[in-house]
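*Asks:* Provided herewith is a single structure, encoded as structure tokens, for subsequent inquiry.
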Amino acid sequence: MKITSIETTVLSIPYTNGGPPTAFVGGSAWTSLQMLLVRVDTDAGISGWGEPFGHNACHALKATIDTMIAPLCIGRGADQIGELMAALQHSLHLFGRSGLVPYGLSAIDIALWDIAGKQAGLPLYRLLGGAGRTHVPAYASLLRYGDPHLVARNVADALDRGYRAIKLHEIAEPNVRSGREAAGADVALMLDTNCPWTPAQARTMSEHLAQYDLEWLEEPLFPPEDFAALADLRAQAPMKIAAGENASWVGEFKRMFDAGAVDIAQPSVTKVGGVSETRKVLALAEAHNVAVVPHCAYFGPGFLATLHITATLPSETVFERLYMDLEASPYGQATDAVDGLISVPQGPGLGHDPDPRVIERYRTHQAAPVIAS
Ligand SMILES: [Mg+2]
């Protein structure tokens, strides 16, 4: 089964998030969510869908895939995923071991696993030897509001919608306090800071934040790959430390684990190298006795791939659902949590193909509109 073509399409979908447009991915505020859909076609008539970590980089990723990656894939065996991914990784290593190249390769790998599931007639989680879970518990991953009143309002709103676990993306203590007060003592509360602090600042903040009973503190340090500093913080911090969404390839997780940097590893299937590389990270994490809670800040094939991977984990694990309402989803209601649970698709491969009507309506050739902050 040979790869015959690869098509990339950027979608731009308006959203609401219970506050002002966020600026936490890519530096510019979004007024719409951009995602890059990647379709891999084969001579067997089976097509698979993938997605890189896109957002404000969708058009750069489209060029990366169209001009650098796709030409290396055409004519290659779609059902020899390990061999092809190793060859692509080797061919392109001099263009970057993190960033656009591994993100683009992640999209191809996800699409190849979608094809593999479709060929086998099995949903991806069962192809991967999953435990047969039909639902996974979701946590509401609130965007950064920077305002304690908006934090409280959106925490209350997420609880009303049935979520029982909530993650904040705040960096100021009053906003975290507001989140905990709105959530009450029984709701699991996590804090993701997206790499704002020096080691000294992070140590001070972790002590201030101890009173809020956080399930984990995520990415407290910049740069995220300073695993020695993260390990030092972890040794002193009064809560668990989580990180990993910015790591590409299993080797970076090896360095992270060897340093003792994290309690919880968070591979992003759209950055790390796809489903194949995520599986390696899962095995390595198990060998290091590190928990895994996959990252998910996307709504395309990366969302579904993360869902299937989460369903295969040895114990029930929360699934990150970015807390925003899209005007339309390529998968309809399949990306929505109901009573705090998201259904694992039971169709072959990823279980759903993107809705062609949504693709047609939201296809764009322009970068996301930016709001000056
Ligand atoms: Mg995060």
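*Asks:* Restricting attention to the stretch 278-328, report how many residues are away from the ligand (no atom under 16 Å from the Cβ) and either assigned by TED's automatic domain parsing to the domain that holds Leu36 or surrounded by 23 or more Cβ atoms within 10 Å (Cβ to Cβ) (or both).
*Replies:* 8
*Asks:* Checking the conditions here, which among Leu61, Leu94, Leu88, Leu72 is surrounded by fewer than 24 Cβ atoms within 10 Å (Cβ to Cβ) and either under 23 Å from the mean Cα position of the chain (by Cα) or touching a residue at least 24 places away in the same chain (Cβ under 8 Å) (or both)?
*Replies:* Leu88
*Asks:* Let me ask something else. Of everything in the stretch 267-277, what is of a type in the set (Gly, Ala, Ser) and either in a loop (DSSP other than H, G, I, E, B) or within 16 Å of the ligand (Cβ to nearest atom) (or both)? Give them in sequence order.
*Replies:* Ser268, Gly273
*Asks:* A further question follows. Looking only at the stretch 127-163, count every residue that is buried (at least 22 other Cβ atoms within 10 Å of the Cβ), touching a helix residue (DSSP H, G or I) at 6+ places or on another chain (Cβ under 6 Å) and closer than 30 Å to Ser276 by Cα and tell me the total.
*Replies:* Of the residues in that region, 3 qualify.
*Asks:* Only residues in the stretch 155-172 that are within 18 Å of Asp192 (Cβ to Cβ) and in the same structural domain as Asn17 (by TED's automatic domain parsing) count as the first member; pair them with residues that are away from the ligand (no atom under 16 Å from the Cβ) and among the small types (Gly, Ala, Ser), Cβ under 8 angstrom, at least 6 apart or cross-chain, and list the lot.
*Replies:* As it stands, the answer is none, since no pair meets every condition given.
*Asks:* Just one of the numbered conditions (1) among the basic types (Lys, Arg); (2) within 15 Å of the ligand (Cβ to nearest atom); (3) out of contact with any strand residue (DSSP E or B) (no Cβ under 9 Å at 6 or more places or on another chain) is not true of Lys240; which one?
*Replies:* Every condition holds for Lys240 apart from (3).
*Asks:* For residues that are surrounded by fewer than 20 Cβ atoms within 10 Å (Cβ to Cβ) and not charged (D, E, K, R), scanning just the stretch 213-223, find the one that is nearest to the ligand (Cβ to nearest atom).
*Replies:* For the stretch 213-223, the residue satisfying everything is Phe222.
The values are calculated or read from the model by the stated rules, or taken from the named source; none is laboratory data. All figures in this text were calculated on a predicted structure; none of them were measured in a lab. In this analysis, Cβ positions are derived from the backbone assuming ideal geometry, glycine residues included, and neighbour counts consider all displayed protein chains.
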